[in-house]
Amino acid sequence: MSDALAAAHRIGPELVELRRRLHRAPELGLHLPDTQATVLAALESLDLEVHTGEGLSSVVAVLRGRAPHDGERPVVLLRGDMDGLPVTEEVDVEYRSERTGLMHACGHDLHVAGLVGAARVLDELRDELVGDVVLMFQPAEEGPGGAEPMIRDGLLEAAGRRVDAAYAVHVYSADHPRGTWFGRPGPLMAAADEVHVVVRGVGGHGSAPERAKDPVPVACEVVLAFHTAVTRRFSVWDPVVLTVGKIAAGTKDNIIPDEAVIDATLRTFSREHRELAHRVVTEVAQGIAAAHGLTAEVTIGNGYPVTVNDEAEFAFARDVVHDLFGAEHWADMDNPEAGSEDMAFVLEEVPGAYLNVSACALEDHTLAEDNHSPRAAFDDSVVPDVAGALAELALRRSRTLAGD
Ligand SMILES: [Zn+2]
(Lines give C-alpha, C1' and ligand atoms only; values in the text may rest on other atoms or scores of the structure.)
Protein backbone atom coordinates (compact mmCIF):
# COMPACT_ATOMS: atom_id res chain seq x y z
CA MET A 1 0.00 0.00 0.00
CA SER A 2 1.30 3.49 -0.81
CA ASP A 3 2.28 5.71 2.12
CA ALA A 4 -0.52 8.10 1.22
CA LEU A 5 -3.21 5.43 1.11
CA ALA A 6 -1.96 3.87 4.36
CA ALA A 7 -1.98 7.28 6.07
CA ALA A 8 -5.51 7.94 4.78
CA HIS A 9 -6.74 4.63 6.14
CA ARG A 10 -5.17 5.36 9.55
CA ILE A 11 -7.40 8.44 9.87
CA GLY A 12 -10.32 6.70 8.11
CA PRO A 13 -12.67 6.60 11.13
CA GLU A 14 -12.25 10.37 11.69
CA LEU A 15 -12.93 11.09 8.01
CA VAL A 16 -16.07 8.95 8.11
CA GLU A 17 -17.17 10.79 11.25
CA LEU A 18 -16.60 14.12 9.46
CA ARG A 19 -18.60 12.93 6.44
CA ARG A 20 -21.52 11.96 8.66
CA ARG A 21 -21.46 15.30 10.45
CA LEU A 22 -21.66 17.04 7.05
CA HIS A 23 -24.37 14.64 5.92
CA ARG A 24 -26.61 15.62 8.83
CA ALA A 25 -26.43 19.30 7.92
CA PRO A 26 -26.55 19.87 4.16
CA GLU A 27 -26.64 23.38 2.69
CA LEU A 28 -27.48 24.69 -0.77
CA GLY A 29 -25.82 26.86 -3.36
CA LEU A 30 -23.22 29.56 -2.87
CA HIS A 31 -23.70 30.15 0.84
CA LEU A 32 -22.72 27.20 3.02
CA PRO A 33 -21.71 28.87 6.30
CA ASP A 34 -22.01 25.74 8.45
CA THR A 35 -20.15 23.57 5.95
CA GLN A 36 -17.45 26.20 5.58
CA ALA A 37 -17.06 26.40 9.37
CA THR A 38 -16.77 22.60 9.57
CA VAL A 39 -14.08 22.58 6.87
CA LEU A 40 -12.13 25.41 8.53
CA ALA A 41 -12.26 23.59 11.88
CA ALA A 42 -11.12 20.33 10.27
CA LEU A 43 -8.12 22.10 8.70
CA GLU A 44 -7.29 24.21 11.73
CA SER A 45 -4.44 22.13 13.14
CA LEU A 46 -2.63 21.95 9.79
CA ASP A 47 0.00 24.38 8.55
CA LEU A 48 -1.93 25.90 5.63
CA GLU A 49 -2.50 29.29 4.02
CA VAL A 50 -6.26 29.56 4.10
CA HIS A 51 -8.41 32.02 2.12
CA THR A 52 -12.18 32.21 2.24
CA GLY A 53 -14.28 33.59 -0.59
CA GLU A 54 -16.15 36.87 -0.69
CA GLY A 55 -19.72 36.46 -1.82
CA LEU A 56 -19.54 32.69 -1.56
CA SER A 57 -18.51 30.20 1.14
CA SER A 58 -15.46 28.84 -0.63
CA VAL A 59 -12.28 27.73 1.12
CA VAL A 60 -8.92 27.75 -0.66
CA ALA A 61 -6.01 26.29 1.32
CA VAL A 62 -2.41 26.16 0.14
CA LEU A 63 -0.19 23.40 1.50
CA ARG A 64 3.53 23.82 0.84
CA GLY A 65 5.71 20.78 0.22
CA ARG A 66 9.07 20.39 1.92
CA ALA A 67 10.90 17.91 -0.30
CA PRO A 68 14.14 19.47 -1.55
CA HIS A 69 13.96 20.72 -5.11
CA ASP A 70 16.01 23.15 -7.19
CA GLY A 71 14.00 25.44 -9.38
CA GLU A 72 10.35 26.33 -9.49
CA ARG A 73 8.06 24.16 -7.42
CA PRO A 74 5.07 22.75 -9.28
CA VAL A 75 1.51 23.41 -8.15
CA VAL A 76 -1.23 20.79 -8.11
CA LEU A 77 -4.89 21.58 -7.43
CA LEU A 78 -7.28 19.14 -5.74
CA ARG A 79 -10.96 19.91 -5.71
CA GLY A 80 -13.91 18.91 -3.55
CA ASP A 81 -17.39 20.38 -3.94
CA MET A 82 -19.44 21.00 -0.81
CA ASP A 83 -23.12 21.65 -1.61
CA GLY A 84 -26.21 19.53 -1.11
CA LEU A 85 -29.51 19.37 -3.00
CA PRO A 86 -33.16 20.33 -2.38
CA VAL A 87 -34.18 16.71 -1.82
CA THR A 88 -35.89 15.13 1.20
CA GLU A 89 -33.78 12.20 2.28
CA GLU A 90 -35.39 8.76 2.38
CA VAL A 91 -32.24 6.79 3.19
CA ASP A 92 -32.66 5.15 6.55
CA VAL A 93 -29.32 5.73 8.24
CA GLU A 94 -28.60 7.02 11.72
CA TYR A 95 -26.77 10.06 10.29
CA ARG A 96 -29.57 11.04 7.88
CA SER A 97 -30.17 14.69 7.04
CA GLU A 98 -31.56 16.70 9.94
CA ARG A 99 -32.62 19.50 7.60
CA THR A 100 -36.01 18.92 6.02
CA GLY A 101 -35.95 19.24 2.26
CA LEU A 102 -32.15 19.22 2.06
CA MET A 103 -29.91 16.26 1.39
CA HIS A 104 -26.37 15.44 0.34
CA ALA A 105 -27.88 13.44 -2.52
CA CYS A 106 -24.86 13.80 -4.80
CA GLY A 107 -22.27 12.65 -2.28
CA HIS A 108 -20.47 15.98 -1.98
CA ASP A 109 -20.18 15.32 1.76
CA LEU A 110 -17.85 12.43 0.86
CA HIS A 111 -15.88 14.79 -1.39
CA VAL A 112 -15.33 17.27 1.44
CA ALA A 113 -14.24 14.52 3.83
CA GLY A 114 -11.99 13.06 1.13
CA LEU A 115 -10.31 16.41 0.46
CA VAL A 116 -9.83 17.11 4.17
CA GLY A 117 -8.29 13.64 4.38
CA ALA A 118 -5.95 14.42 1.49
CA ALA A 119 -4.88 17.62 3.25
CA ARG A 120 -4.08 15.69 6.43
CA VAL A 121 -2.17 13.02 4.54
CA LEU A 122 -0.15 15.59 2.58
CA ASP A 123 0.57 17.46 5.81
CA GLU A 124 1.98 14.25 7.26
CA LEU A 125 3.98 13.46 4.10
CA ARG A 126 5.13 17.04 3.46
CA ASP A 127 8.77 15.97 3.38
CA GLU A 128 8.00 13.86 0.31
CA LEU A 129 5.99 16.59 -1.44
CA VAL A 130 8.04 18.42 -4.07
CA GLY A 131 5.40 20.98 -5.00
CA ASP A 132 2.63 23.01 -3.45
CA VAL A 133 -0.98 21.91 -3.36
CA VAL A 134 -4.05 24.13 -3.72
CA LEU A 135 -7.04 22.61 -1.93
CA MET A 136 -10.26 23.85 -3.53
CA PHE A 137 -13.40 23.53 -1.41
CA GLN A 138 -16.12 24.89 -3.65
CA PRO A 139 -19.78 25.69 -3.11
CA ALA A 140 -22.63 25.70 -5.65
CA GLU A 141 -21.55 22.88 -7.94
CA GLU A 142 -25.24 22.07 -8.34
CA GLY A 143 -25.76 25.67 -9.41
CA PRO A 144 -25.35 28.54 -9.88
CA GLY A 145 -21.66 27.57 -10.00
CA GLY A 146 -18.76 28.21 -7.64
CA ALA A 147 -15.73 27.43 -9.79
CA GLU A 148 -15.95 30.48 -12.03
CA PRO A 149 -16.09 33.04 -9.20
CA MET A 150 -13.28 31.19 -7.40
CA ILE A 151 -11.13 31.36 -10.55
CA ARG A 152 -11.94 35.07 -10.82
CA ASP A 153 -10.83 35.47 -7.19
CA GLY A 154 -7.39 34.04 -8.00
CA LEU A 155 -7.83 30.34 -7.24
CA LEU A 156 -5.35 29.25 -9.91
CA GLU A 157 -2.64 31.61 -8.59
CA ALA A 158 -3.33 30.96 -4.89
CA ALA A 159 0.09 29.35 -4.39
CA GLY A 160 1.87 32.35 -5.92
CA ARG A 161 2.43 30.45 -9.16
CA ARG A 162 -0.10 29.11 -11.60
CA VAL A 163 -1.60 25.67 -11.05
CA ASP A 164 0.04 23.08 -13.33
CA ALA A 165 -2.46 20.23 -13.01
CA ALA A 166 -5.87 19.72 -11.39
CA TYR A 167 -7.76 16.65 -10.17
CA ALA A 168 -11.18 15.85 -8.77
CA VAL A 169 -12.98 12.69 -7.74
CA HIS A 170 -16.77 12.19 -7.75
CA VAL A 171 -18.62 9.44 -5.92
CA TYR A 172 -21.59 7.57 -7.38
CA SER A 173 -24.36 5.71 -5.59
CA ALA A 174 -25.04 3.25 -8.45
CA ASP A 175 -23.43 2.42 -11.83
CA HIS A 176 -20.71 0.06 -10.60
CA PRO A 177 -19.92 -2.17 -7.62
CA ARG A 178 -18.51 -0.25 -4.65
CA GLY A 179 -14.83 0.53 -5.00
CA THR A 180 -14.80 0.54 -8.82
CA TRP A 181 -13.14 3.62 -10.28
CA PHE A 182 -14.17 4.79 -13.74
CA GLY A 183 -13.50 7.48 -16.29
CA ARG A 184 -12.41 8.26 -19.81
CA PRO A 185 -9.98 10.54 -21.63
CA GLY A 186 -11.31 13.53 -23.57
CA PRO A 187 -14.89 14.71 -23.12
CA LEU A 188 -16.35 13.30 -19.93
CA MET A 189 -19.46 15.38 -19.36
CA ALA A 190 -21.58 17.65 -21.50
CA ALA A 191 -21.89 21.38 -21.68
CA ALA A 192 -25.43 22.21 -20.59
CA ASP A 193 -27.05 25.46 -21.71
CA GLU A 194 -30.58 26.74 -21.22
CA VAL A 195 -32.22 28.06 -24.37
CA HIS A 196 -35.05 30.55 -23.96
CA VAL A 197 -36.93 31.73 -27.06
CA VAL A 198 -39.67 34.34 -27.15
CA VAL A 199 -41.53 34.41 -30.45
CA ARG A 200 -43.12 37.86 -30.69
CA GLY A 201 -46.17 38.46 -32.85
CA VAL A 202 -49.27 40.57 -32.57
CA GLY A 203 -52.33 39.19 -30.80
CA GLY A 204 -55.87 39.40 -32.03
CA HIS A 205 -59.17 37.60 -32.52
CA GLY A 206 -58.98 33.92 -33.35
CA SER A 207 -61.54 34.41 -36.14
CA ALA A 208 -59.29 36.83 -38.05
CA PRO A 209 -55.68 35.58 -37.99
CA GLU A 210 -54.83 37.66 -41.07
CA ARG A 211 -55.26 40.78 -38.92
CA ALA A 212 -52.83 39.45 -36.30
CA LYS A 213 -49.36 37.87 -36.30
CA ASP A 214 -49.88 34.52 -34.68
CA PRO A 215 -46.82 33.32 -32.74
CA VAL A 216 -48.28 29.85 -31.98
CA PRO A 217 -47.71 28.06 -35.34
CA VAL A 218 -44.38 29.84 -35.67
CA ALA A 219 -43.25 28.52 -32.27
CA CYS A 220 -44.32 25.01 -33.30
CA GLU A 221 -42.33 25.33 -36.51
CA VAL A 222 -39.29 26.51 -34.55
CA VAL A 223 -39.46 23.41 -32.32
CA LEU A 224 -39.58 21.07 -35.32
CA ALA A 225 -36.83 23.00 -37.10
CA PHE A 226 -34.62 22.70 -33.98
CA HIS A 227 -34.81 18.92 -34.25
CA THR A 228 -34.15 19.00 -37.98
CA ALA A 229 -31.13 21.24 -37.43
CA VAL A 230 -29.69 18.90 -34.79
CA THR A 231 -29.72 15.98 -37.23
CA ARG A 232 -28.66 17.96 -40.35
CA ARG A 233 -26.07 20.42 -39.09
CA PHE A 234 -23.95 18.33 -36.71
CA SER A 235 -21.85 15.24 -37.11
CA VAL A 236 -23.37 12.22 -35.44
CA TRP A 237 -19.90 11.46 -33.97
CA ASP A 238 -19.98 14.59 -31.84
CA PRO A 239 -23.50 14.47 -30.45
CA VAL A 240 -25.84 17.35 -29.74
CA VAL A 241 -28.91 16.86 -27.56
CA LEU A 242 -31.62 19.51 -27.73
CA THR A 243 -34.81 18.95 -25.77
CA VAL A 244 -37.69 21.40 -25.70
CA GLY A 245 -39.08 20.84 -22.23
CA LYS A 246 -41.57 23.69 -22.26
CA ILE A 247 -43.64 25.56 -24.79
CA ALA A 248 -46.20 28.07 -23.61
CA ALA A 249 -48.58 30.54 -25.20
CA GLY A 250 -52.05 31.95 -24.95
CA THR A 251 -55.00 31.87 -22.62
CA LYS A 252 -58.06 30.74 -24.59
CA ASP A 253 -59.07 29.06 -27.85
CA ASN A 254 -60.27 32.19 -29.67
CA ILE A 255 -57.53 34.62 -28.67
CA ILE A 256 -54.31 34.91 -30.64
CA PRO A 257 -51.60 35.75 -28.09
CA ASP A 258 -48.84 38.33 -28.52
CA GLU A 259 -46.07 35.86 -27.88
CA ALA A 260 -45.09 32.23 -27.43
CA VAL A 261 -42.24 30.96 -25.28
CA ILE A 262 -39.97 27.96 -25.85
CA ASP A 263 -37.58 26.60 -23.19
CA ALA A 264 -35.04 23.98 -24.13
CA THR A 265 -31.93 22.36 -22.73
CA LEU A 266 -28.96 22.06 -25.04
CA ARG A 267 -26.18 19.51 -24.36
CA THR A 268 -22.96 19.40 -26.36
CA PHE A 269 -19.67 17.52 -25.97
CA SER A 270 -17.15 19.78 -27.69
CA ARG A 271 -16.40 23.47 -27.68
CA GLU A 272 -16.82 23.58 -31.49
CA HIS A 273 -20.29 22.08 -31.45
CA ARG A 274 -21.30 24.14 -28.47
CA GLU A 275 -20.47 27.36 -30.32
CA LEU A 276 -22.08 26.12 -33.53
CA ALA A 277 -25.21 25.00 -31.65
CA HIS A 278 -25.60 28.44 -30.06
CA ARG A 279 -25.44 30.00 -33.54
CA VAL A 280 -27.73 27.45 -35.20
CA VAL A 281 -30.41 27.68 -32.52
CA THR A 282 -30.42 31.46 -32.78
CA GLU A 283 -30.47 31.52 -36.59
CA VAL A 284 -33.22 28.90 -36.87
CA ALA A 285 -35.54 30.64 -34.41
CA GLN A 286 -34.95 34.11 -35.85
CA GLY A 287 -35.07 32.92 -39.47
CA ILE A 288 -38.36 31.08 -39.11
CA ALA A 289 -39.95 33.95 -37.24
CA ALA A 290 -38.76 36.38 -39.92
CA ALA A 291 -40.15 34.17 -42.69
CA HIS A 292 -43.60 34.72 -41.19
CA GLY A 293 -43.14 38.40 -40.43
CA LEU A 294 -42.56 37.90 -36.69
CA THR A 295 -39.46 38.19 -34.53
CA ALA A 296 -37.78 35.80 -32.12
CA GLU A 297 -35.64 36.78 -29.19
CA VAL A 298 -33.18 34.04 -28.25
CA THR A 299 -31.36 33.94 -24.93
CA ILE A 300 -28.87 31.17 -24.23
CA GLY A 301 -27.90 30.94 -20.59
CA ASN A 302 -24.27 30.08 -20.32
CA GLY A 303 -24.18 26.84 -18.37
CA TYR A 304 -21.13 24.75 -17.54
CA PRO A 305 -18.78 24.04 -20.44
CA VAL A 306 -17.78 20.57 -21.59
CA THR A 307 -15.77 18.71 -18.93
CA VAL A 308 -12.65 17.49 -20.70
CA ASN A 309 -10.05 15.12 -19.30
CA ASP A 310 -6.61 15.91 -20.67
CA GLU A 311 -5.35 12.72 -22.35
CA ALA A 312 -1.97 12.63 -20.59
CA GLU A 313 -3.33 13.69 -17.19
CA PHE A 314 -6.08 11.12 -17.46
CA ALA A 315 -3.61 8.34 -18.31
CA PHE A 316 -1.50 9.39 -15.33
CA ALA A 317 -4.47 9.45 -12.96
CA ARG A 318 -5.73 6.07 -14.16
CA ASP A 319 -2.26 4.60 -13.59
CA VAL A 320 -2.31 5.92 -10.03
CA VAL A 321 -5.68 4.23 -9.45
CA HIS A 322 -4.34 1.00 -10.96
CA ASP A 323 -1.33 1.11 -8.66
CA LEU A 324 -3.33 1.90 -5.54
CA PHE A 325 -6.33 -0.37 -5.99
CA GLY A 326 -5.48 -2.80 -8.80
CA ALA A 327 -6.55 -2.76 -12.45
CA GLU A 328 -9.52 -4.95 -11.53
CA HIS A 329 -10.99 -1.94 -9.74
CA TRP A 330 -10.93 0.21 -12.87
CA ALA A 331 -13.60 0.45 -15.62
CA ASP A 332 -13.22 2.46 -18.84
CA MET A 333 -16.25 4.56 -19.73
CA ASP A 334 -17.24 4.06 -23.37
CA ASN A 335 -19.18 7.30 -23.65
CA PRO A 336 -19.32 10.66 -21.91
CA GLU A 337 -22.28 11.45 -19.67
CA ALA A 338 -24.88 14.04 -20.64
CA GLY A 339 -24.78 15.58 -17.16
CA SER A 340 -22.57 18.60 -16.58
CA GLU A 341 -19.99 19.60 -13.98
CA ASP A 342 -18.65 22.88 -12.61
CA MET A 343 -15.09 21.47 -12.54
CA ALA A 344 -15.20 22.01 -16.33
CA PHE A 345 -14.18 25.65 -15.75
CA VAL A 346 -10.98 24.57 -13.97
CA LEU A 347 -10.21 21.96 -16.64
CA GLU A 348 -10.65 24.61 -19.34
CA GLU A 349 -7.83 26.58 -17.71
CA VAL A 350 -5.39 23.87 -16.68
CA PRO A 351 -4.90 20.26 -17.77
CA GLY A 352 -6.22 17.70 -15.37
CA ALA A 353 -8.40 14.70 -14.78
CA TYR A 354 -11.76 14.04 -13.19
CA LEU A 355 -12.33 10.50 -11.94
CA ASN A 356 -15.39 8.72 -10.63
CA VAL A 357 -15.64 6.05 -7.98
CA SER A 358 -18.61 3.97 -6.94
CA ALA A 359 -19.67 4.36 -3.32
CA CYS A 360 -22.69 2.16 -3.87
CA ALA A 361 -24.17 1.13 -0.53
CA LEU A 362 -25.89 -2.00 -1.86
CA GLU A 363 -24.21 -5.29 -2.56
CA ASP A 364 -26.04 -5.44 -5.92
CA HIS A 365 -25.32 -2.13 -7.61
CA THR A 366 -27.96 -2.74 -10.30
CA LEU A 367 -30.63 -2.27 -7.63
CA ALA A 368 -29.19 1.02 -6.38
CA GLU A 369 -30.63 4.43 -7.18
CA ASP A 370 -28.63 7.15 -8.87
CA ASN A 371 -27.16 10.32 -7.45
CA HIS A 372 -29.84 13.00 -6.80
CA SER A 373 -32.47 10.41 -5.83
CA PRO A 374 -33.93 10.78 -2.30
CA ARG A 375 -32.87 7.15 -1.92
CA ALA A 376 -29.28 7.60 -3.19
CA ALA A 377 -27.14 5.90 -0.55
CA PHE A 378 -23.37 6.40 -0.40
CA ASP A 379 -21.12 4.06 1.55
CA ASP A 380 -18.48 6.17 3.26
CA SER A 381 -16.02 3.28 3.52
CA VAL A 382 -14.63 4.69 0.23
CA VAL A 383 -13.73 8.06 1.83
CA PRO A 384 -10.21 7.01 2.90
CA ASP A 385 -9.63 5.67 -0.63
CA VAL A 386 -10.67 9.03 -2.10
CA ALA A 387 -8.39 10.86 0.35
CA GLY A 388 -5.47 8.53 -0.37
CA ALA A 389 -5.95 8.76 -4.15
CA LEU A 390 -6.10 12.57 -4.14
CA ALA A 391 -2.97 12.80 -1.97
CA GLU A 392 -1.13 10.28 -4.15
CA LEU A 393 -2.07 12.19 -7.31
CA ALA A 394 -0.58 15.37 -5.82
CA LEU A 395 2.56 13.67 -4.51
CA ARG A 396 3.31 11.82 -7.72
CA ARG A 397 2.38 14.53 -10.19
CA SER A 398 4.51 17.11 -8.34
CA ARG A 399 7.46 14.78 -8.69
CA THR A 400 6.99 14.29 -12.44
CA LEU A 401 6.27 17.99 -12.99
CA ALA A 402 9.47 18.84 -11.13
CA GLY A 403 11.32 16.38 -13.35
CA ASP A 404 12.43 14.28 -10.38
ZN1 LIG B 1 -22.20 15.98 -7.83
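Data for the structure
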{"item": "Cβ pairs under 6 Å, 6+ apart, first in segment 300-326 and over 18 Å from Leu390 (Cβ atoms), second open to solvent by 30 Å² or more (accessible area, probe 1.4 Å)", "result": "Ile300/His278; Gly301/Glu194; Tyr304/Ser340; Pro305/Glu348; Val306/Pro187; Val308/Pro187; Glu311/Pro185"}
{"item": "Close pairs from segment 94-120: first within 12 Å of Ala42 (Cα to Cα), partner within 14 Å of the ligand (Cβ to nearest atom) and assigned to a loop (DSSP other than H, G, I, E, B), Cβ under 7 Å, at least 6 apart", "result": "Val112/Met82"}
{"item": "Subset of segment 237-276 [under 25 Å from the mean Cα position of the chain (by Cα) and of a type in the set (A, V, I, L, M, F, W, C)]", "result": "Trp237, Val240, Val241, Leu242, Val244, Ala264, Leu266, Phe269, Leu276"}
{"item": "Within segment 271-306, considering residues that are on the phi < 0 side of the Ramachandran plot, in contact with a Gly (Cβ under 9 Å, 6 or more places away or on another chain) and of a type outside the set (A, V, I, L, M), the one modelled with the lowest pLDDT", "result": "Gly303"}
{"item": "Residue list for segment 337-356, filter: part of a loop (DSSP other than H, G, I, E, B) and either under 8 Å from the mean Cα position of the chain (by Cα) or not β-branched (Val, Ile, Thr) (or both)", "result": "Ala338, Gly339, Ser340, Glu341, Asp342, Met343, Pro351"}
{"item": "Answer residue from segment 343-358, given it is of a type outside the set (A, V, I, L, M) and in contact with a Ser or Thr (Cβ under 8 Å, 6 or more places away or on another chain) and is nearest to the ligand (Cβ to nearest atom) among those", "result": "Tyr354"}
{"item": "Check on Glu369, in contact with a Ser or Thr (Cβ under 6 Å, 6 or more places away or on another chain) and either part of a helix (DSSP H, G or I) or of a type in the set (D, E, K, R) (or both)", "result": "no"}
{"item": "When residues of segment 152-168 are limited to those that are open to solvent by 30 Å² or more (accessible area, probe 1.4 Å) and outside any loop (DSSP other than H, G, I, E, B), the one farthest from the ligand (Cβ to nearest atom)", "result": "Glu157"}
{"item": "Verdict on Gly287 being not in a helix (DSSP H, G or I) and not β-branched (Val, Ile, Thr)", "result": "no"}
{"item": "Residue ranges of strands (runs of 3 or more DSSP E) in segment 41-151 with at least 2 members open to solvent by 20 Å² or more (accessible area, probe 1.4 Å)", "result": "49-52"}
{"item": "Output for segment 87-144, where each listed residue is modelled with pLDDT of 95 or more, within 15 Å of the ligand (Cβ to nearest atom) and not hydrophobic (A, V, I, L, M, F, W, C)", "result": "His104, Gly107, His108, Asp109, His111, Gly114, Gln138, Pro139, Glu141"}
{"item": "Pick from segment 372-398, criterion more than 16 Å from the ligand (Cβ to nearest atom) and either hydroxyl-bearing (Ser, Thr, Tyr) or at pLDDT below 95 (or both), ranking: least open to solvent (accessible area, probe 1.4 Å)", "result": "Ser398"}
{"item": "Tally of residues being open to solvent by 70 Å² or more (accessible area, probe 1.4 Å) and part of a loop (DSSP other than H, G, I, E, B) across segment 217-258", "result": "6"}
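Yes or no, residue by residue, for (1) within 16 Å of the ligand (Cβ to nearest atom); (2) open to solvent by less than 20 Å² (accessible area, probe 1.4 Å); (3) closer than 30 Å to Thr88 by Cα:
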site	(1), (2), (3)
Ala296	no, yes, no
Leu324	no, no, no
Glu341	yes, yes, yes
Cys360	yes, yes, yes
Leu367	no, no, yes
Asp370	yes, no, yes
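The values are calculated or read from the model by the stated rules, or taken from the named source; none is laboratory data. For clarity, every value in this text was computed on a predicted model and none was experimentally measured. Every residue, glycine as well, gets a Cβ built from its backbone with ideal geometry; the counts of neighbours run over all protein chains shown. Note: accessible area is taken over every heavy atom of the protein model, side chains too, but ligands, DNA and RNA are not part of it. Shrake-Rupley method; radii C 1.70, N 1.55, O 1.52, S 1.80 Å.
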